[in-house]
Ligand SMILES: C[S@@+](CC[C@H](N)C(=O)[O-])C[C@H]1O[C@@H](n2cnc3c(N)ncnc32)[C@H](O)[C@@H]1O
């Protein structure tokens with residue numbers, strides 16, 4: 001038997017234990033979000049477990065244990081003399097709201113959704129069969145909408161659209177826009193609210209996501225200019241769009257080359273393809289070395305992106321960290337002539353392609 005380097009074992013115990021603590025904490029974060037515990041602490045005032053339970057319609061004994069865990073992991077501060085707990089403003093900005101630039105409680109929903117489909121995914125690993133997006137748990141759809149929503153709110157209107165050649169002006173004048181794989185349509189609705197002269201169509205193969213999207217459009221008061229249709233990325237009507245968007249979707253598709261070729265055909269001659277993809281380096285070694293989000297992205301990719309792609313014809317399975325050269329190959333195969341990286345943000349790269 002190989003003699004173990006016990007120092008390396010101890011170091012790895014610390015590392016591995018941290019991941020398990022993270023998983024447990026993630027479950028507690030989902031609980032705190034679901035029950036409104038963080039929102040009730042958002043003022044930053046110290047609270048007793050009794051007061052927090054009273055304010056949220058929950059039971060004190062459970063809430064006391066939740067607060068103890070949150071204090072132990074450093075998410076809330078504990079005052080032992082007063083027996084109260086407080087959520088610092090800097091933590092509330094991540095945990096108690098979806099609105100601000102650093103909101104991230106939605107991200108905790110993603111692993112919750114993955115855990116709920118472990119059996120399905122284990123079977124897919126054995127057989128090689130795909131698992132369609134629509135077969136995932138609702139928590140995955142909510143996480144996508146809420147967590148990616150933060151990134152879109154921070155960058156879409158202020159950085160990404162202005163970085164595209166002439167697109168801001170066209171949207172302001174009145175353009176026809178398609179969003180492929182629109183899901184719950186968070187970014188499409190941001191565009192619709194910002195550009196009242198333009199019209200928007202969201203396509204997706206998952207009807208339940210589109211029902212939520214239509215509800216969100218009505219709530220935002222843009223339902224007259226935004227419509228949704230169940231359609232595959234390779235089969236929606238080619239209506240001469242000025243702008244076709246793929247937000248975090250192209251790499252999920254079974255046949256991204258055909259989807260990009262269809263988009264090229266569906267654009268008008270002067271149109272623009274906006275491709276938003278996870279920020280990644282070009283190869284696994286570089287992602288491991290340089291991308292702090294790589295472990296999260298490869299996990300989500302295995303469970304969601306690769307699984308969805310393998311559920312569809314061709315099953316190219318680019319994975320969530322395909323990297324720019326691979327994405328450029330896809331666009332070149334689809335006969336896009338001009339491709340450039342127009343922008344990037346902490347989680348995304350933005351490619352602009354012209355027919
Ligand atoms: C990661 S989600 C992104 C959703 C949305 N664009 C966003 O950023 O919030 C990928 C979306 O692509 C959709 N999708 C997957 N395969 C598709 C296909 N072949 N045709 C159309 N939509 C597809 C899924 O149903 C899902 O809504």
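Using beta carbons and a limit of 7 Å, which pairs, at least six apart or on different chains, have the first residue in segment 240-252 and touching a residue at least 40 places away in the same chain (Cβ under 8 Å) and the second one near the ligand (Cβ under 6 Å from one of its atoms) and in a loop (DSSP other than H, G, I, E, B)?
Correct list of pairs: 246/181; 249/181; 252/181.
Give the residue, chosen from 295, 289, that is within 17 Å of the chain's Cα centre (by Cα) and surrounded by fewer than 20 Cβ atoms within 10 Å (Cβ to Cβ). Even if it seems obvious, please write down each step before you answer.
Working: 289 fails: within 17 Å of the chain's Cα centre (by Cα).
Unique residue meeting the criteria: 295.
One line per residue, one yes/no per condition, for (1) within 14 Å of the ligand (Cβ to nearest atom); (2) modelled with pLDDT of 95 or more; (3) outside any loop (DSSP other than H, G, I, E, B); (4) in contact with a strand residue (DSSP E or B) (Cβ under 9 Å, 6 or more places away or on another chain):
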position	(1), (2), (3), (4)
223	no, yes, no, no
227	no, yes, yes, yes
277	yes, yes, yes, yes
285	no, yes, yes, no
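Exactly one of (1) within 16 Å of the ligand (Cβ to nearest atom); (2) surrounded by fewer than 21 Cβ atoms within 10 Å (Cβ to Cβ) is unmet by residue 301. Its number?
For residue 301, the failing item is (2).
Say we look at segment 136-166 and pick out the residues that are assigned to a loop (DSSP other than H, G, I, E, B) and away from the ligand (no atom under 14 Å from the Cβ); which of these is surrounded by the fewest Cβ atoms within 10 Å (Cβ to Cβ)?
Once the filter is applied, the top-ranked residue is 166.
Would a scan of segment 211-219 turn up a residue that is within 17 Å of the chain's Cα centre (by Cα), assigned to a helix (DSSP H, G or I), closer than 17 Å to residue 171 by Cβ and within 11 Å of the ligand (Cβ to nearest atom)?
no
Working only within segment 172-181, note down all residues that are within 14 Å of residue 226 (Cα to Cα) and more than 15 Å from the ligand (Cβ to nearest atom).
If the condition is that a residue be within 14 Å of residue 226 (Cα to Cα) and more than 15 Å from the ligand (Cβ to nearest atom), then 174, 175, 176 are the ones that fit.
Quick test for you: out of 354, 341, pick the one residue that is away from the ligand (no atom under 16 Å from the Cβ), closer than 26 Å to residue 159 by Cβ, touching a helix residue (DSSP H, G or I) at 6+ places or on another chain (Cβ under 7 Å) and modelled with pLDDT of 95 or more.
Being away from the ligand (no atom under 16 Å from the Cβ), closer than 26 Å to residue 159 by Cβ, touching a helix residue (DSSP H, G or I) at 6+ places or on another chain (Cβ under 7 Å) and modelled with pLDDT of 95 or more holds for just one of 354, 341, which is 341.
Quick one: count up the residues across segment 29-54 that are without any contact (Cβ under 8 Å) to a residue 60 or more places away in the chain, surrounded by 14 or more Cβ atoms within 10 Å (Cβ to Cβ) and under 31 Å from the mean Cα position of the chain (by Cα). Walk me through how you get there before you give the answer.
Let us first name the residues in segment 29-54 that are without any contact (Cβ under 8 Å) to a residue 60 or more places away in the chain, namely 31, 34-37, 39-54.
The next check asks that each one be surrounded by 14 or more Cβ atoms within 10 Å (Cβ to Cβ); those that pass are 31, 35-37, 39-42, 44, 46-49, 51-54.
Keeping just the survivors that are under 31 Å from the mean Cα position of the chain (by Cα) gives 31, 35-37, 39-42, 44, 52.
Matching residues across segment 29-54 total 10.
What are the residues in segment 233-275 that are within 9 Å of the ligand (Cβ to nearest atom) and assigned to a strand (DSSP E or B), if any?
Across segment 233-275, the qualifying residues are 245, 246, 247.
Restricting attention to segment 167-181, report how many residues are out of contact with any helix residue (DSSP H, G or I) (no Cβ under 8 Å at 6 or more places or on another chain) and assigned to a helix (DSSP H, G or I).
Total meeting the criteria: 4.
Kindly provide the set of residues from segment 124-135 that are buried (at least 18 other Cβ atoms within 10 Å of the Cβ), part of a helix (DSSP H, G or I) and within 13 Å of the ligand (Cβ to nearest atom), ordered by number.
Just the residues of segment 124-135 that are buried (at least 18 other Cβ atoms within 10 Å of the Cβ), to begin with: 124, 130-131, 133.
So of that shortlist, the ones also part of a helix (DSSP H, G or I) come out as 124, 133.
Across segment 124-135, the qualifying residue is only 133.
Cβ-Cβ under 6 Å, sequence separation 6+ or interchain: first residue in segment 182-201 and within 17 Å of residue 248 (Cβ to Cβ) and more than 15 Å from the ligand (Cβ to nearest atom), partner part of a loop (DSSP other than H, G, I, E, B) and at pLDDT 95 or above. Which pairs?
none
Being surrounded by fewer than 18 Cβ atoms within 10 Å (Cβ to Cβ) and within 12 Å of the ligand (Cβ to nearest atom), is that true of even one residue in segment 315-329?
Yes, segment 315-329 has at least one match.
The values are calculated or read from the model by the stated rules, or taken from the named source; none is laboratory data. Just so we're clear, the structure is a prediction, and the values are computed from it rather than from any experiment. When we count neighbours, we look across all protein chains shown, and the Cβ atoms used for this are built from the backbone with ideal geometry, even at glycine.
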